[in-house]
Every structure is written in structure tokens, then in C-alpha cells.
Amino acid sequence: MKIKTLFLTLALCAGISFTACSSDDDDKSWSEATKLEVSKTAISLAGSASQTLVVKASQTPAVTADVDWLHIGQPIPRQGSKNLYDIEVEADVNPGYEPRTGNITVTCGAEKSVVAVTQFASETVLIAGVTPSAQLNPNGGSIVVNYSSTGDVVVEAPTWLTQVQSKALTENSVEFSYNANLTAAARTGEIVITLVKDNSITASVSVSQDKAEQSSDMSSTAKELAAKMFAGVNIGNTMEPPTGEGSWGAAKVNPQYIAGLKALGFNAVRVPCAWDSHVSDPATNTIDPAWLDRVDEVVSYIVNEGMYAIVNIHWDGGWLEESCVNGYDEAVDKKQRDYWTQIASKLNHYDEHLLFAGMNEPGQQDQGNAGKEQSVKAIMAYQQTFVDAVRATGGNNAKRCLIHQTPFTNIDKGVEGLYSLPTDQVADRSLVEVHFYDPSDFTLMSKDGEWGAGSTVKLYWGAANHVSGSDRNCTWGEESYVDAQFKKMQDAYVSKGVPVIVGEYSSAIRSASAFSSFDEAAWKASRAAWNEYITKSAKTHGCVPFYWETGGDINRSNGTAFNSYAIDAIMAGAQAGNYPF
């Protein structure tokens, strides 16, 4: 994936921050040191096409050129903008093939600014160089690409390069920062600069980055690792669509978004992933190497921030988890083995900051005891295959913490006695996963009657948030129920040394227009209270919380909160909850 940015290399007006400014009048927004500012330090001309300089000066500036082929217009005061002047610059046609140069001098009183001018015979984009080098530091850093262009440009770059935002755009350079390369191999990419007025005119520079030295620390047990996870979040509906990353509407993952999640307070990220839909050779169950690279890249964004990552096999059309209701299938089991061998091998270089989860929500047949046992046995077989495949790859995977899902990731199905964890030759490296969406008529149900005649969407959760006389107050699944459910997991697993991952929990974002009566303040308070209580109760009972998020609460571009009340509540709950280990 590439990022694309538009750079305005023509006259920059009020949106540009000037670097220094002064006046002898009463405008105290100017500094006291100078009287003159010019929007550009250099411009590029194509043929006889003109460009415009913007000058900020305490009085009408004087403008001259040191070559006779440059022609400078009179400064024209900009209407509605104090002390701003537009100055048109044009040139005679360049009769030669080589670019030629000159200088424009802008003077206001004792202040002077020089603008370098380069004229090309035609529209042009040229790369002037990369500072400090196109060979990037394996451990991270920044680069500046210097270029010349005869107009506005679009800049495209690999996702792992982050454009550095500054107070003012400078015309002939663009800066990128980048993290350590924690992926499995050296990486390369192209920075491409394209002229807006003619997208056939481009210039590019190749950059490369060797892989960095990485930690191989795998010393933490599952309990020790779980204790380090303060609050987790999902990158939902993004890497798991069978139709490709971001095809369900959530933006593709970038480093700024991951850094933003950390700034919000999360220190662990679950990455739901599709794999079966990214197979390049079905005959051999070979996963497309480009997709393995992309998942590796996303994991590197997370680990670079010092955060913990979980990679799983998600729904992906249901090839794995939905097949469980029909009992064991040898072809499904072979895919499970082949896929996890490739995934684990690709990501083996990460230390204990990466965990693997073998499935997502494996289905269980509920038609009679025989059907239940058949489906649960299939789940357990596929999870055993997952463990064996990962451990067989050796290296860091020999001790990696692995996560196993109860049937339907349901709490009650995980404690009723049919399900048990797979056998692992490595002690104290297993975790179990459940999901939590109770009460479902508050968290999931989208419209009245959806789940049968008389079923009603609930909007107000928690006794303190009930609305008097409303039929939309929750009637089950409130505080005491939440504690009782997580206590089941504590008794069945945590007390026996197996931490629990609450891989998903969230409540739907509602629209007032969907309901005839809607107390928005009470609904927001309910949603915040639910987020806080689930997070706190989960941690108190030894369950690590991972909030399910698809772009409604958190901005996918930069990781800032759209709904601060929801995220602040999670952090309050995470702070209040204390793991029993």
C-alpha cells in the first residue's frame, strides 16, 4: 500500500504559516524582528508559464530580477488580507535544452529575501536528492526528499514511511519519518512525485531499509504476559475481509493509526486476519507471499510502539470455524496445519510481543449431545493441529504464547465440561479466549423485532442510567451478571494458571433517527458505563480486554477518538481493574 499526498507548489496563501514576520504598526501578531516574509525560497518555471509569489510586508515591497529573461509584475495587495501582496513571475521561452537559473530579490525597508528561480523548457519534476541517504537506517529515523517541480505535485510513498507534518509546507522538499524495520527481511519502496497538471510527468526515488536487530526474549509465561496488557483493541473489519484489506469500509492500517492507539492508552492490539482468501496456489495451500509481507508489516507497526499483538485466523468465509458444526474434516485440518506453518514461519522473528490465536469463533452444534460432542471434538482437533504446527517451526515459536477459543468463544460453552484446551509440550504458554456481547439486545440488536415478535432494542444499561418509564431499559445482563460470567472463567481457567483473553466486546453505535424516543445523554452514559464495567470486571477476574472497534469510535487515519466518552470509559475501567496474577 502507498500513501498519497498533495503538495501545493504554486503560490501558497493564507493556509501557509510564514516563518517570521514583523510590522511597525499595531499588528502584534507579527514578531518584532522582521518586516518581510516570502512564501517560497525557490520556484521552478516551465517555458513561459507564470507563477505567483506571495509576500507579507509592512509596506509595498520592491522586487527585482538579476537576469533579463525574468519579468516581475507589480505587487498587488490581496483583498481582505492585511499586508499580503501577490507578485506574478514569468519568463521568456527558454531557447536551450538545459535549465537556466536566476534570482529574484524582494526588499522591504532594510529587509531582503532572495528567491532562486529555475526555468525548464517544459513541465518538469526532478528529484534533487535524498538527505541523509536513500539507504535508510534499520533502526528508524527520517529522510528529506528534495525535488524541483513546475507545479503542484502528488507524492506517493510506501505505508511504512510517514509524512512529517510541519507548520509550513516548503515547496521543494518532503520529509518522512520511519520506524525500525522489524519485519522478516529488508524492504524497499518507491517515493513517486507526480505533476498534478500532467500525471504522465513523474520522478521517483527508491529507498531501502535493512531489517533491524530484534529481541528474542520469550521468557514471560502466559500469566506474566497477560499481566503486562493494560487494555487491548481490535483492528476490526480491516485485515479479515475475504475481499481484501479495507474492503469493508475501514481504512487500511498505517503507522500513525497504531501510534494513535497507543496515545489513547491501549498497549495491545488484536489483528483479525483472513488467510484462505489470500491463497495463491490452492493445490498446495500456499499463502500469497505479498499478503504474508503485509501482515508482517502491520505487526511491525504494533511491536515498534512497544505494544503486544495478536494474529489469528478469523472468519474468512467460515472455512474453518463454521465447518466445526459438521465434525472433523481432514481437508480443513490440513489447511489449518499448512496455513499456521506458513504464518508462524513468517512471523517467527518477533519476540513475546506477538501472540497467535488459532481460530476466531468456532461453531458448536447444539442439536443433542452427540452433535455437541462431534463439533467440540473438531474444534479441539483443529486447535491441537494449530499448536503442533506452530511449535514445529521452532525458534521463538517454540515458546510463543498461544490462544485457544471456547466453542463460539462463549463463556458458558467453555465451562460446561465438553471443551478442554489442547496439549502443549511447553508449559504455561496457553491462554483461552472468549467474546462478550451481553446483553445482546443492548450491544448487537439493530432494530425492533429483529429477533422475534416483541423483541426490543435496549438503549439504557446500568441501574444508574435507566430512563423512567422507558421500555428500552436493559432487563438482564447488567453488573451482577457481568461479574458472575467472568467469575466462571476465573474459576475454570485463571485459577488453574490459564489467563483469559476477552478477544471482542463492544456495543453498537446508535442513531437517534432509528428510534421514536431516544435519550442521547442516557444512551451515551449507558454505553460508557458498559465499556467501563466490562473492562474493569474482566481484568479483576483475570481476563484481558480487547475492545472490538471498526472505525466508529476511533479515527482510522491517526488513531484519535471520535467518541472520547467511549474510549475514556475503557481506560477508566482498565485502571480500576486489577488482575489476580
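Checked against (1) farther than 30 Å from residue 209 by Cβ; (2) among the hydroxyl-bearing types (Ser, Thr, Tyr); (3) open to solvent by less than 30 Å² (accessible area, probe 1.4 Å), residue 124 meets all criteria but (1). Do you know which of the residues in the stretch 449-480 that are aromatic (Phe, Trp, Tyr) and closer than 15 Å to residue 526 by Cβ is most open to solvent (accessible area, probe 1.4 Å)? Step by step, filter the stretch 449-480, then rank; the result is 476. Number of residues in the stretch 140-167 that are polar (S, T, N, Q), modelled with pLDDT under 90, buried (at least 18 other Cβ atoms within 10 Å of the Cβ) and not in a strand (DSSP E or B) equals 1. Scanning the stretch 87-119 for residues being open to solvent by 20 Å² or more (accessible area, probe 1.4 Å), part of a strand (DSSP E or B) and not β-branched (Val, Ile, Thr) gives a total of 8.
Checking the stated criteria, residue 546 turns out to be within 21 Å of residue 223 (Cβ to Cβ) and of a type in the set (Phe, Trp, Tyr). For beta carbons closer than 7 Å, sequence separation of 6+ or different chains, a first residue in the stretch 535-554 that is acidic (Asp, Glu) and a second that is in a strand (DSSP E or B) and open to solvent by 20 Å² or more (accessible area, probe 1.4 Å), the qualifying pairs are 553/561.
Taking the conditions exactly as written (more than 23 Å from residue 163 (Cβ to Cβ) and not small (Gly, Ala, Ser)), does residue 252 satisfy them or not? In short, no.
If you go through the stretch 426-437 and keep only what is in a loop (DSSP other than H, G, I, E, B) and either small (Gly, Ala, Ser) or surrounded by fewer than 20 Cβ atoms within 10 Å (Cβ to Cβ) (or both), you end up with 426, 427, 428, 437. Applying the set (1) open to solvent by less than 60 Å² (accessible area, probe 1.4 Å); (2) out of contact with any His (no Cβ under 6 Å at 6 or more places or on another chain); (3) among the hydroxyl-bearing types (Ser, Thr, Tyr) to residue 423 leaves exactly one unmet item: (1). Restricting attention to the stretch 350-363, does a residue exist that is more than 24 Å from the chain's Cα centre (by Cα) and not aromatic (Phe, Trp, Tyr)? Checked against the condition, which is being more than 24 Å from the chain's Cα centre (by Cα) and not aromatic (Phe, Trp, Tyr), the stretch 350-363 yields at least one hit.
You will find that of 511, 516, the residue that is polar (S, T, N, Q), open to solvent by 70 Å² or more (accessible area, probe 1.4 Å) and at pLDDT below 95 is 516 and no other. Residues in the stretch 366-412 that are over 31 Å from the mean Cα position of the chain (by Cα), of a type in the set (D, E, K, R) and over 15 Å from residue 343 (Cα atoms): 366, 372, 373, 377, 412.
Just to be sure before I move on: is residue 531 closer than 20 Å to residue 459 by Cα and of a type outside the set (Val, Ile, Thr) in the structure I sent? In short, yes.
The values are calculated or read from the model by the stated rules, or taken from the named source; none is laboratory data. Keep in mind that what you see is a predicted model, and the values were worked out from it rather than measured. Every residue, glycine as well, gets a Cβ built from its backbone with ideal geometry; the counts of neighbours run over all protein chains shown. Calculation scope for accessible area: heavy atoms of the full protein, side chains included, ligands and nucleic acids excluded. Shrake-Rupley method; radii C 1.70, N 1.55, O 1.52, S 1.80 Å.
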